[in-house]
1. Could you tell me whether any residue of segment 30-51 is touching a residue at least 24 places away in the same chain (Cβ under 8 Å) and closer than 19 Å to Ser122 by Cβ?
2. Out of the residues in segment 77-90 meeting the condition of being part of a helix (DSSP H, G or I) and among the small types (Gly, Ala, Ser), tell me which one is surrounded by the most Cβ atoms within 10 Å (Cβ to Cβ).
3. Scan segment 65-76 for residues that are free of Cβ contacts under 8 Å to residues at least 24 places away in the same chain and assigned to a loop (DSSP other than H, G, I, E, B) and jot them down.
4. Output the number of residues of segment 93-136 satisfying the condition of being open to solvent by 40 Å² or more (accessible area, probe 1.4 Å), free of Cβ contacts under 8 Å to residues at least 12 places away in the same chain and not aliphatic (A, V, I, L, M).
5. Could you check segment 91-133 and list, in sequence order, the residues that are under 23 Å from Glu22 (Cβ atoms), part of a helix (DSSP H, G or I) and not hydroxyl-bearing (Ser, Thr, Tyr)?
6. Sort out for me the helices (runs of 4 or more DSSP H) sitting completely within segment 1-64 that have 2 or more residues that are within 20 Å of Tyr84 (Cα to Cα), open to solvent by 20 Å² or more (accessible area, probe 1.4 Å) and acidic (Asp, Glu).
Amino acid sequence: MAVVLPEVVEELLSEMVAAVRESARIPDEHLLSLKFIFGSSAIQALDLVDRQSVTSISSPSGRCIYQVLGSSGKTYTCLASCHYCSCPAFAFSVLRKSDSLLCKHLLAVYLSQVMRTCQQVSVSDKQLTDILMETK
């Protein structure tokens, strides 16, 4: 069973993909919707995307993870396939308190995919495993 985001978020991201494909920009109404759904995390995530802080790391086996250089200078590992981030905000606000749908790092991953600004790195399967083992 695939893990999915709430339907409203999936729909918004799909509309943003179509808009970027058509005009190479995200319309203001979509940005306002992002702000409404995610609050201040939307602005912070867009800032991470603007700073090209999101890197997609893939291996020959087809596995893919993302690393996001946070505003604090620390790198967090995100798994888009199951909507997970290694940051403390995700553990507290998303998992423990259920105050947020996503942290800013995971939202930045999705936005960088939409805007096609994600940096791409290919590594061996062993290197990817090593990266995952380093993540705490």
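1. Checked against the condition, which is being touching a residue at least 24 places away in the same chain (Cβ under 8 Å) and closer than 19 Å to Ser122 by Cβ, segment 30-51 yields no hits at all.
2. Ala89
3. Listed by number, the residues that qualify are Ser72, Gly73, Lys74.
4. Going through segment 93-136 one residue at a time, the tally reaches 8.
5. Those that are under 23 Å from Glu22 (Cβ atoms), part of a helix (DSSP H, G or I) and not hydroxyl-bearing (Ser, Thr, Tyr): Leu107, Ala108, Val109, Leu111, Gln113, Val114, Met115.
6. In segment 1-64, 7-23 are the helices (runs of 4 or more DSSP H) which contain 2 or more residues that are within 20 Å of Tyr84 (Cα to Cα), open to solvent by 20 Å² or more (accessible area, probe 1.4 Å) and acidic (Asp, Glu).
The values are calculated or read from the model by the stated rules, or taken from the named source; none is laboratory data. Since we're looking at a predicted model, the values are computed, not measured. Neighbour counts are summed over all protein chains in view; Cβ atoms, including those assigned to glycine, are modelled from backbone coordinates with ideal geometry. In case anyone asks, the SASA skips ligands and DNA or RNA and just uses the protein heavy atoms, side chains included. Shrake-Rupley method; radii C 1.70, N 1.55, O 1.52, S 1.80 Å.
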